[in-house]
1. What are the pairs, 6+ residues apart or on separate chains, where a residue within region A:231-249 that is farther than 24 Å from A:Leu40 by Cβ has its Cβ under 7 Å from a residue that is open to solvent by less than 30 Å² (accessible area, probe 1.4 Å) and away from the ligand (no atom under 16 Å from the Cβ)?
2. Could you identify the single residue in B:Ile38, B:Ile48 that is within 8 Å of chain A (Cβ to nearest Cβ), exposed (fewer than 14 other Cβ atoms within 10 Å of the Cβ) and out of contact with any Asp or Glu (no Cβ under 9 Å at 6 or more places or on another chain)?
3. Return only the number of the condition from (1) within 8 Å of the ligand (Cβ to nearest atom); (2) open to solvent by less than 20 Å² (accessible area, probe 1.4 Å); (3) in a helix (DSSP H, G or I) that A:Tyr132 does not satisfy.
4. Which one is farthest from the chain's Cα centre (by Cα) among residues in region A:192-221 that are hydrophobic (A, V, I, L, M, F, W, C) and over 24 Å from A:Thr70 (Cα atoms)?
5. Tell me the residue from B:Ala204, B:Ala196, B:Ala211, B:Ala176 that is out of contact with any strand residue (DSSP E or B) (no Cβ under 9 Å at 6 or more places or on another chain), of a type in the set (A, V, I, L, M, F, W, C) and either surrounded by fewer than 19 Cβ atoms within 10 Å (Cβ to Cβ) or not assigned by TED's automatic domain parsing to the domain that holds B:Phe128 (or both), please.
6. So A:Gly20 clears everything in (1) more than 8 Å from chain B (Cβ to nearest Cβ); (2) within 16 Å of the ligand (Cβ to nearest atom); (3) open to solvent by less than 30 Å² (accessible area, probe 1.4 Å) except one condition, right? Which one?
7. Give me a count of the residues in region B:119-150 that are open to solvent by less than 60 Å² (accessible area, probe 1.4 Å) and not β-branched (Val, Ile, Thr).
8. If I filter region B:119-150 down to residues being closer than 23 Å to B:Leu81 by Cα and small (Gly, Ala, Ser), which single residue comes out as nearest to the other protein chains (Cβ to nearest Cβ)?
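The values are calculated or read from the model by the stated rules, or taken from the named source; none is laboratory data. Values in this document were obtained by computation on a predicted structure and should not be read as measured data. Methodologically, a virtual Cβ is constructed for each residue, glycine included, from the backbone with ideal geometry; neighbour enumeration extends over all protein chains shown. SASA here: full protein model, heavy atoms, side chains in, ligands and nucleic acids out. Shrake-Rupley method; radii C 1.70, N 1.55, O 1.52, S 1.80 Å.
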Amino acid sequence: MRLRDLIVNNRFFKSIYRTGYPDTARKRVMVVINSLALHLHPVRVPKRAVRVTYTWGLGGLSIFMFVILTITGVFLMFYYVPSVREAYWSVVSLDTSVMMGQFMRNMHRWAAHMMVLMVLLHMTRVFYTGSYKPPRDFNWVIGIVLLVLTMLLSFTGYLLPWDQLAYWAITVGAEMGGSAPFVGKQVNIALLGGFEIGQATLIRWYTLHVIFLPLLLIVVVSMHFWRVRKDGNISTPIYPAEAAPEEVRRRLQGSAPANDEMA
Amino acid sequence: MSQEQLPVTEPEQVIEDPGEKVHVWPHLVSIELVGALIFTLLLILMAIFVKAPLVDLANPEVTPNPSKAPWYFLGLQELLLHMHPALAGVIVPTAVLVLLAAIPYIDTKRAGTGVWFYSPKGIPITIFSAIYTTVWNVSLILIDEYLPAGDGSTGIAPLLISWGLPPAVGYVFVPAALMIFIPWSLAVIVKRRWDADTRELMIALYTFFLASFIVLTIIGTGFRGHGMKLMWPWQIEPPIGH
Ligand code: HEM
């Protein structure tokens, strides 16, 4: 208690967190409303919606992976050179001579794989809990866009080390795109920035990877989060009127539906 | 446009059960913090102990064998071995994304929201669909790998070609027909066996997608080696360039 008072009960802390330590119901409301990060949440949520076994926190973990990728990615950008002559060697030097370089590159790589996995699992959780049903129908569509963006981000990053793995994965990918009916040739040229994999390809994918796709993902994720709130927050059970379980029926009998604040 | 002019649809009669509410601080914030800490720790450990791969400098003259895409595309790369590249690389992924996005516009009932696996039939349907899909996928991959096609080559399409049929039959029509027939037959079985409603059919079909993705990704990652031939994981030699 002494220590907590020392940290919490001083002018500086209170200049940041006006409410003080949230130890009363009122302060717990205020702390969420007054904080930029926390106010993504409603003030109060159904108990069952925060149960770990309901959402497994997978949407939150997806965006957390993105945060880690942004931090480690900025570090990598300090050293990485997007030129065909130097890219590979700049990655080698990250691994061998840059302080923490190998660690940051490993972390960036594993977080990228993890993000793809988390997004796929999140989609699967949303599906099997029926959380795509109206009014969340369009947010599911936004989610599909996010899935595509996540994979594109990961794949554009794959080319950047300019090693054999990267080069031939891109070859396979560009051949796939190039086989599109009617527009195959155009798709292929658009992907490669020319007729073969080279400097034009690298700078194109680099730009998409470090600027365009991350910005787009941030915009679309913002729409996603906004809609989660507008669609009535995390889904809770809805039964057909005739077929609600007996226990639910009895509990809801008489008591007006709990329709409290959505602040 | 005034309210009255909007199309009027019969509202669905439902019972909503949000249950008891708790404060986000501390009940949700604490869970988020713990999740973030666990994953930070996990990633730090991985970053310390497992190196991100970096092989030889890119060399257009030397093709690694096999050359594989990252894991989440290996399902598509597996399809590429069995059918026309336009089908495997463009049409199938596009169709999958469009159909996934269409789910909420086909299954539009609100009832069934917020409950894992929907009804007592949900889990049996999921398990059956996963097994049905896996058996089809694995059988077809084995058949296409080993079916003798006469002249020493193997596979369904080469066999059809050796019978004098145009390549499009084996590389486009047969695979396309199978990719429609398998989920369709699954839906028919689930509908008959469980008297399934729309949501339950969606569960069967999503499970078909998910199980296919998992099976193809596992085979593409762990069971394809030199020349993209089927083999056991321990027989796969690292492609040149390591
Ligand atoms: C970058 C990728 C994504 C991020 C960061 C993300 C983030 C989130 C978060 C934080 C939530 C709150 C609930 C939860 O954590 O489960 C959520 C809910 C939701 N997400 Fe996503 N999501 C992503 C991709 C997707 C995808 C691929 C889909 C489906 C195709 C999807 C569909 C939904 C829906 C329908 C909800 C509402 C669920 C409910 O009310 O229970 N999201 N998302």
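1. These pairs meet every condition: A:Tyr239/A:Val248.
2. Being within 8 Å of chain A (Cβ to nearest Cβ), exposed (fewer than 14 other Cβ atoms within 10 Å of the Cβ) and out of contact with any Asp or Glu (no Cβ under 9 Å at 6 or more places or on another chain) holds for just one of B:Ile38, B:Ile48, which is B:Ile48.
3. (3)
4. Kept after step one, since they are hydrophobic (A, V, I, L, M, F, W, C), are these residues of region A:192-221: A:192, A:195, A:197, A:200, A:202-203, A:205, A:208, A:210-213, A:215-221.
Applying the additional criterion that residues be over 24 Å from A:Thr70 (Cα atoms) yields A:192, A:195, A:197, A:200.
Values: A:Leu192: 27, A:Phe195: 34, A:Ile197: 30, A:Ala200: 29 Å.
Across region A:192-221, the extreme among qualifying residues is A:Phe195.
5. B:Ala176
6. (2)
7. Adding up the residues that qualify gives 13.
8. By that ranking, first place goes to B:Ala130.
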